[in-house]
Structures are given as C-alpha cells and as structure tokens.
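The values are calculated or read from the model by the stated rules, or taken from the named source; none is laboratory data. What you see is a predicted model; the values in this text were computed from it and never measured. Virtual Cβ from ideal backbone geometry, glycine too; neighbours counted across all protein chains shown. SASA here: full protein model, heavy atoms, side chains in, ligands and nucleic acids out. Shrake-Rupley method; radii C 1.70, N 1.55, O 1.52, S 1.80 Å.
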Amino acid sequence: MSEKLRLLELEIEGIINESGENIIITDSEGIILRAVKNSEEMYGIASEELVGSSVKELEQKKIFSPSVTLSVLQQKAPVTFMQKTATGKIIMTRGVPIFNEEKKITRVISFSHDMTEIEELKGKYEKLQQKMEQYETEIEQLRERDRLPSEVFINSKAMQTVWSLVNKVAKSEATVVLHGESGVGKTVFAKALHNGSHRKGKPMIEVNCGAIPESLFESEMFGYEAGAFTGAASRGKMGLIELADQGTLFLDEVGELPLSIQVKLLKVLQEKKVTRMGSTKSRTVNFRLVAATNRDLQAMVKTGTFRDDLFYRLNVVPISIPALRERKEDIHQLTEAFLQKFNEKYDTDKTMHPSALKAFWQYDWPGNVRELENLIERLVVTLENKVILPDHLPFTEKAEEKRIEKFETHGTSLQESLEHVERSWLLQAYKECKSTYEMAEYLGLSQPTVVRRLKKYNIDSKTNQ
C-alpha cells in the first residue's frame with residue numbers, strides 16, 4: 001500500500017471513529033468492511049468482530065433487525081427505518097448505496113442513531129396523553145353530574161338529597177316516577193334525567209296526560225294509519241311513543257291517564273312494541289320512561305282509578321321533590337335568579353328589599369316555584385317602584401291598612417295622630433333598612449327629608465323603639 005493510500009485509510013478511519021455517528025460500511029455482498037469502534041454498546045459486538053461478518057447472518061441472529069444494508073441492496077436506493085438490536089436498543093438507521101461507473105453497487109454505508117431514550121420518552125408521553133384523556137373524560141363526567149340546570153338550586157339539604165339521587169339513576173335505564181306538588185319543578189328534573197343519560201342526544205318527548213282529551217289520547221300516543229278514522233290525515237301519523245324511540249318519553253301528570261290507555265301503555269312497556277290505530281303491524285320502540293305526578297298513585301290503586309300492574313311497572317325509582325315551603329333555604333337564590341331573568345327580559349332594574357324577602361320566607365307558597373316565578377314576573381312588569389317592598393306583595397297587601405288602623409286612635413288631635421303615624425313609619429324603616437338612602441326608598445321620600453324627620457323625632461342609632 002502506497003503512502004498516499006495509507007494516509008487516506010487513516011483519514012477515513014479517523015472520520016468514521018470520531019464522527020460521533022454509528023457507521024458501518026459493507027461491500028456489494030453485505031460483508032462488513034468497516035465499523036465504528038463503539039459498536040459494542042450499540043450491537044453488543046465489538047467492531048473487530050463485526051468486520052468480516054455478513055449482515056444477513058447478523059440479521060438472522062437478531063444482532064440488528066431488519067438489516068438496512070440488505071434493503072438497500074434489494075431496492076438499489078437509500079432506505080431509512082427503525083431497527084432493534086440485540087442489546088435492546090431502538091435505532092433509526094439510514095443506508096446509502098455507492099455506485100461505480102457501471103452503476104453497480106460497490107459499497108453500502110449505513111448511519112445509525114440511538115433512539116432508545118427518545119422512544120421511551122415518546123412511549124411515556126403517549127401513556128401520559130392517554131391518562132390525560134381519561135382524566136379529562138372523568139372530570140367532564142363529574143362536571144356533567146354536578147352541573148345544575150339554571151332552574152335548580154340546592155342550598156337546602158332536602159334538594160341536595162334529591163339531586164344526588166337524580167345523578168345516580170340518570171345513567172341507568174330504570175323507570176323513574178317524580179312525585180311532588182304542582183310547581184315544584186318535576187319537568188326540570190325529568191330533563192336532568194334525560195340530559196344525564198346516554199340518550200342525551202336523542203329526543204325527549206313530553207306528554208301532558210292531563211291536557212289531551214280522552215277521545216284523542218290513543219291516536220296521539222300510538223299514532224294511526226291513513227283512513228283509520230274520519231278526519232285522519234291521508235298519510236297517517238306517528239304517535240308520541242314512536243317519536244320517543246331511542247330517547248326519553250316523559251309522561252307528566254301520569255295519574256290523569258285514562259284506564260283504557262293505561263292497559264295499552266302497559267303492553268307497550270312490557271313488549272317494547274307499539275301498534276298504530278288501524279294497523280296490525282307492530283313497530284319496535286326503545287325508550288326510557290320518566291313519569292311525574294302530583295297525585296298519590298298508591299291511593300289511586302286502592303280506589304281502582306289506577307292499575308296496580310302499571311303502578312308497579314312505573315314505580316321502579318320513585319323520587320319525591322319537596323315543596324318550596326320545605327326547602328326555604330332555596331328561596332333567596334331562586335328569587336335572585338328570577339329577578340335577574342325578568343329584569344333582563346323587560347329591561348328593568350328592580351331590586352328586592354330585605355323586608356320583602358323576609359315576607360317570602362314567611363309565606364307557604366302553595367304554588368311552589370312556579371308561583372314564585374310568576375309573582376316576580378308580575379312585580380317586575382307592573383311596579384313603578386324600583387324596590388319591591390312587602391306592601392307590593394299580594395299576601396301582605398292589607399299590612400298597611402292594619403298599621404294605619406292601629407295608629408288612628410293615638411293622640412288628642414289630628415296633628416298628634418299624624419305625627420305618631422309618621423314616627424312609627426320612620427321607626428319601622430329605621431329597623432329594616434341599613435341606610436337613610438334605603439329608608440328613602442322604603443318610605444317614598446327623598447334622603448334629605450328622611451334625615452330631617454329622623455332629627456325631628458330624635459331617632460338615632462340609640463333609638464330602639
């Protein structure tokens with residue numbers, strides 16, 4: 001070997017060993033001619049042992065697999081892919097062919113990079129991503145479970161118990177009967193049951209059993225075929241039960257169901273099939289049933305006005321919603337929510353005086369939440385005053401008359417009686433209001449006038465009566 005070739009050999013050797021790359025050079029038969037000196041760490045074999053070995057044999061021994069050199073020789077083009085080595089390494093390797101003047105491969109040079117740590121990090125990252133997705137799903141499920149409808153407030157323990165039970169049964173297929181007085185919000189909870197179930201994206205069909213005449217009930221509930229009766233639509237009509245397929249059928253006021261319909265509804269619940277009027281063909285239906293009533297169904301069973309078999313079919317999970325008078329802790333939040341709702345609706349800025357809110361607490365609310373909502377809407381629409389006072393409430397409308405009657409007998413003259421009444425009003429306002437500005441709103445006077453009257457009657461922070 002000439003000096004020039006020897007120097008070139010040394011140069012190539014130095015480049016290969018000092019490049020930091022894992023380089024292997026083979027001939028056209030896949031016999032290794034050169035290998036980096038640190039190949040033992042990569043392949044588990046010293047570079048001296050690699051030289052002279054066949055890449056095909058090394059592949060068979062799983063020293064590295066698959067062989068990039070063999071792929072290059074087969075495809076006669078550069079190839080890049082991932083390899084596994086006998087030492088458990090995962091490496092990215094690229095093989096490049098070297099052609100002679102006759103366009104035949106004379107050498108294959110492969111460059112390899114240890115990707116083991118990166119692949120491990122990638123695997124950990126993917127697992128972390130999977131866990132994150134799982135946690136996000138669980139968190140969203142918790143949010144969905146605890147997310148209250150805007151009409152529901154659960155400051156009271158009674159409502160917390162109800163909401164917990166609703167969340168438990170929402171994801172099941174169990175039939176639920178909501179019990180409660182008119183106006184307690186049974187429809188709101190029926191919607192919550194639907195929205196918390198896997199049927200959420202499907203229809204929820206609400207049927208007010210007390211609003212459909214008995215003569216029309218069958219055709220409305222079960223549908224009918226063309227020509228089934230006089231006046232029937234020419235194409236027939238799908239019934240409400242069919243419309244609820246894959247979703248939720250909500251029977252409100254279920255205690256009003258006619259006995260004849262109860263029999264047919266029971267059959268649908270048992271067989272999950274519905275037959276339209278005028279047809280002999282049954283259609284399969286799949287719905288979740290939620291019912292609501294303000295009547296004692298069990299007592300109706302005893303009197304024969306409600307079928308016992310339908311009662312037991314419906315009464316799988318009974319949920320009783322307490323009356324508003326039984327959960328007065330919720331009154332304040334409900335009042336504020338309705339007040340905000342109707343202020344926005346009618347572009348007003350009404351506020352509730354604390355004494356009026358106190359009167360709300362003392363009232364029994366026979367119409368429950370619906371009565372409260374309707375009353376606040378009426379007050380927002382009809383009152384000219386900005387502040388809602390006790391005297392504006394229908395259940396305290398005679399309070400002013402009683403106070404005046406009480407004061408009429410005081411004093412020996414009209415002037416003395418008027419002053420007594422004025423002082424009593426000021427004392428009442430002083431007790432219930434936090435500032436002279438609130439007192440002015442309460443009394444319908446200006447704030448400076450209130451200040452002057454307080455001084456006139458010597459009413460100050462030390463005055464208690």
statement: Here the FRET efficiency for S54 versus Y125, based on Cβ atoms and R0 = 25 Å and rounded to 0.05, is 0.10
query: Within the accessible area of the chain, what % is carbon and sulfur when the probe is 1.4 Å and the other protein chains stay in place?
result: 50 percent
message: From zero outward in steps of 10 Å, how is the percent of C-alpha pairs of the chain spread across the bins?
response: 4, 13, 14, 11, 9, 8, 9, 10, 9, 6, 4, 2, 1, 0, 0
field: Which listed pairs, of K341/K434; K386/K431; K171/K281; K157/K302, have C-alpha distances above 24 Å, in listed order
entry: K341/K434; K171/K281; K157/K302
message: Suppose we flag GluC sites (Glu not before Pro) only when DSSP calls them loop and at most 16 other Cβ atoms lie within 10 Å. Which is the longest uninterrupted stretch of the chain?
response: 174-383
message: Restricting to Cα pairs below 8 Å that are 6+ residues apart, what does the relative contact order work out to for the chain? Please round to a whole percent.
response: 10 percent
Probe 1.4 Å, accessible area per residue of the chain, Å²: 58 Å²
The stretch 39-91: radius of gyration and largest Cα-Cα distance (Dmax), Å: 11.0, 29
